[in-house]
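One structure below.
The values are calculated or read from the model by the stated rules, or taken from the named source; none is laboratory data. None of the values given here were measured: they were computed from a predicted structure. All Cβ positions, glycine included, derive from the backbone under ideal geometry; neighbour counts span all protein chains shown. Please note that ligands, DNA and RNA were not included when accessible areas were found on the heavy atoms of the full protein model with its side chains. Shrake-Rupley method; radii C 1.70, N 1.55, O 1.52, S 1.80 Å.
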Amino acid sequence: MTKNAQRLRNSKCVPCEGGIAVLEHNKALSLLASIPDWSINETSSAIVLHKKCSNFVAAIKSINRIAELAEAEQHHPDLHLTGYRQLAIELTTHAIGGLSENDFIIAAKIDQLFRESDT
Ligand SMILES: C[C@H](O)[C@H](O)[C@H]1CNC2=NC(N)=NC(=O)C2=N1
């Protein structure tokens, strides 16, 4: 794991209700290098991870773990479960209409969660 990934994993989300700038494209790309399974959308306003879970129950368990994490951090992803086990996790900071470091912190923590549990 890179130093940046470790730093993100050990960070806490900062409450955000607006008033901060969205991350610059280059900054977003450099943070993305720490979470290589994730991709960024065309407008650099969201990052997404596609995960094929082993079955429906495993997908629901993952959703519940992510929900707990999101509540603890007070930063919440959009979760899409389709095709019974295809989980898409999308992160953006709604309050600013784009990416903030919070999105990368949660993404790094979700990666950790997936490493530590069955999916
Ligand atoms: C104060 C608190 O941080 C905000 O209300 C949070 C809650 N969770 C959130 N989650 C996401 N993804 N974007 C937000 O802007 C957001 N706002």
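For the stretch 8-26, enumerate the residues that are in contact (Cβ under 8 Å) with a residue 24 or more places away in the chain and away from the ligand (no atom under 16 Å from the Cβ).
Of everything in the stretch 8-26, just one residue is in contact (Cβ under 8 Å) with a residue 24 or more places away in the chain and away from the ligand (no atom under 16 Å from the Cβ), namely R9.
Looking only at the stretch 27-86, count every residue that is touching a Cys at 6+ places or on another chain (Cβ under 8 Å) and within 16 Å of the ligand (Cβ to nearest atom) and tell me the total.
The number of residues fulfilling the criteria is 3.
With (1) exposed (fewer than 12 other Cβ atoms within 10 Å of the Cβ); (2) charged (D, E, K, R); (3) more than 17 Å from the chain's Cα centre (by Cα) as the list, and R85 as the residue in question, which single condition is left unmet?
Checking R85 against (1) exposed (fewer than 12 other Cβ atoms within 10 Å of the Cβ); (2) charged (D, E, K, R); (3) more than 17 Å from the chain's Cα centre (by Cα), the one that fails is (1).
Taking into account only those residues within the stretch 31-80 that are among the hydroxyl-bearing types (S, T, Y) and open to solvent by less than 80 Å² (accessible area, probe 1.4 Å), which is farthest from I106 (Cα to Cα)?
The extreme case among them is S54.
L91: of a type outside the set (G, A, S), more than 14 Å from the chain's Cα centre (by Cα), within 14 Å of the ligand (Cβ to nearest atom) and crowded, with 17+ Cβ neighbours inside 10 Å, yes or no?
So L91 does not fit the description; no.
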